[in-house]
1. Mind listing which GluC sites (Glu not before Pro) in the range 30-88 are in a DSSP loop and have 14 or fewer other Cβ atoms within 10 Å?
2. Quick one: Karplus J couplings for the range 21-28, per residue in order, coefficients 6.51, -1.76, 1.60, θ = phi - 60°, nearest Hz, x for Gly and Pro?
3. Counting pairs of alpha carbon atoms under 8 Å apart in space and at least six apart in sequence, what relative contact order in percent does the range 1-70 give?
4. Give a quick list of chymotrypsin sites (Phe, Trp or Tyr not before Pro) in the range 1-65 that DSSP marks as loop, anything other than H, G, I, E or B, with at most 16 other Cβ atoms within 10 Å.
5. Of all the stretches in the chain, which is the longest one without any exposed loop site, taking trypsin sites (Lys or Arg not before Pro) in a DSSP loop (any state but H, G, I, E, B) with at most 11 other Cβ atoms within 10 Å?
6. Relative contact order for the chain: what percent, with Cα pairs under 8 Å and sequence separation of 6 or more?
7. Suppose every K and R has +1 on its Cβ and every D and E has -1 on its Cβ; what is the size of the dipole of the range 5-174 about the Cα centre, in Debye to the nearest 20?
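All of the numbers you see were taken from the coordinates with simple rules; none came from a lab. A quick note: this is a predicted structure, and the numbers were derived from the prediction, not measured. When we count neighbours, we look across all protein chains shown, and the Cβ atoms used for this are built from the backbone with ideal geometry, even at glycine.
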Amino acid sequence: MSFILWVDSDSVPLKHREIILRRAMKKNIKTNFVADRTLKDVTEAMSEHSKLLRDPYRETLSKEELRNIKSSINMIVVESGSNAADDYIVEHAKAGQLCITHDIPLAARLVDKDVNVIDDRGNSFSKDNIKERLSIRNSMYIIREMGACPEKQKHFDLKTLEKFSNSFDRALQFFNL
């Protein structure tokens, strides 16, 4: 089994994707961004990464051979619809791989498959903590639906972004990347 990084691109903010893309390009990590639309930042990074990989060989390989050198970053566009990207990731991710998502129900489904999961706030999920986190999420959803509590989520600040970046680096170190 080869390592693949999965990114639930519908739920991961742009600043976080920038961090992920930089690491994926630097370490040439096979990374699948999954969303219901094409993301310009991802396609631009794919093109730039392919160019960087080809540059050392421009004088020695033919144009056809150069075209075969491609970025390890992929943009997977799924049909629009509730949970389409989530379902794709769950169907294709394998045990021992890594997924980044903000979506707690998706994280629970992946943890059940022994996929490693971190969220955009730097939290890691495991079989030890995902049920509690899912329960809290579901309880808060019900309370909000009843109108008893307005939806309040802490905005992303530099500290939150740094926590995510550090968590992502630790996960990559765990996989020796």
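1. Working: sites: 44, 48, 59, 64, 65, 79; in loops: 59, 79.
Within the range 30-88, the qualifying GluC sites (Glu not before Pro) (loop, at most 14 other Cβ atoms within 10 Å) are 59, 79.
2. So the J values, rounded to whole Hz, are 5, 4, 5, 4, 5, 4, 9, 6.
3. Numbers: 47 pairs, mean separation 21.2, N = 70.
30 percent.
4. Working: sites: 3, 6, 33, 57; in loops: 3.
Counting only loop positions with at most 16 other Cβ atoms within 10 Å, the chymotrypsin sites (Phe, Trp or Tyr not before Pro) in the range 1-65 are 3.
5. Working: sites that count: 58, 127, 152, 154.
The longest such stretch corresponds to 59-126.
6. Numbers: 242 pairs, mean separation 40.5, N = 177.
Once normalised by length, the contact order is 23 percent.
7. Values: 29 positive and 27 negative charges, 104 e Å.
Roughly 500 debye, rounded to the nearest 20.
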